[in-house]
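Trainee: Below you will find the structure I want to go over with you.
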Amino acid sequence: MDITIHTCFLPHDDPDASLAFYRDVLGFEVRSDVGQGRMRWITVGPAGQPGTSILLAPPAADPGITEDERRTITEMMAKGTYGWIVLAAKDLDAVFEKLRASGAEIVQEPTEQPYGIRDCAFRDPAGNLVRFQELR
């Protein structure tokens, strides 16, 4: 089989703040921006990798979820426990310094993990955990 990861989903509660983080801080391309106000679906991805995207979406837009589920999602987002993603970069220290300079919330400074990965972690404007692993 030839399977690739095409798109992953991360929720946002402020599309402009999320767009500024992924486009302006991380340097991702904006592939689409559909909707209006807080109900926007924004697709971003790394330059040169058109087959891999992140869809930043309003979590409460799904008509199939209940009001209790919406409330739970909102609470989890506020605590930073709802969405997360792992990205990778060759120069982890440069990524870390750029994110720190942007004012992003630092969760973990660059650390050599006991399982052999060096990584760091931040929260995006919606509270999603964004981990960066160092490519070796």
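The values are calculated or read from the model by the stated rules, or taken from the named source; none is laboratory data. What you see is a predicted model, and the numbers here were worked out from it, not measured in a lab. Methodologically, a virtual Cβ is constructed for each residue, glycine included, from the backbone with ideal geometry; neighbour enumeration extends over all protein chains shown.
Trainee: Condition (residue is touching an Asp or Glu at 6+ places or on another chain (Cβ under 7 Å), polar (S, T, N, Q) and either modelled with pLDDT under 95 or surrounded by 14 or more Cβ atoms within 10 Å (Cβ to Cβ) (or both)) applied to the range 57-73: is it met by at least one residue?
Mentor: No, every residue in the range 57-73 fails to be touching an Asp or Glu at 6+ places or on another chain (Cβ under 7 Å), polar (S, T, N, Q) and either modelled with pLDDT under 95 or surrounded by 14 or more Cβ atoms within 10 Å (Cβ to Cβ) (or both).
Trainee: Name the residue, out of S53, S18, that is under 12 Å from the mean Cα position of the chain (by Cα), more than 17 Å from G127 (Cα to Cα), of a type in the set (S, T, Y) and surrounded by 13 or more Cβ atoms within 10 Å (Cβ to Cβ).
Mentor: None of the other options fit; the residue is S53.
Trainee: Restricting attention to the range 83-117, and to residues there that are among the small types (G, A, S) and either surrounded by 14 or more Cβ atoms within 10 Å (Cβ to Cβ) or in contact (Cβ under 8 Å) with a residue 60 or more places away in the chain (or both), which single residue is farthest from R131 (Cα to Cα)?
Mentor: Taking the candidates together, the pick is S102.
Trainee: Mind listing just one residue for me: the one in the range 21-34 that is out of contact with any helix residue (DSSP H, G or I) (no Cβ under 8 Å at 6 or more places or on another chain) and under 15 Å from P58 (Cα atoms) and, of those, surrounded by the most Cβ atoms within 10 Å (Cβ to Cβ)?
Mentor: Taking the candidates together, the pick is S32.
Trainee: Okay, moving on. Give the range 71-119 a look and list any residue that's in a helix (DSSP H, G or I) and aliphatic (A, V, I, L, M), or say none.
Mentor: Answer for the range 71-119, where residues must be in a helix (DSSP H, G or I) and aliphatic (A, V, I, L, M): I73, M76, M77, A78, L92, A94, V95, L99, A101.
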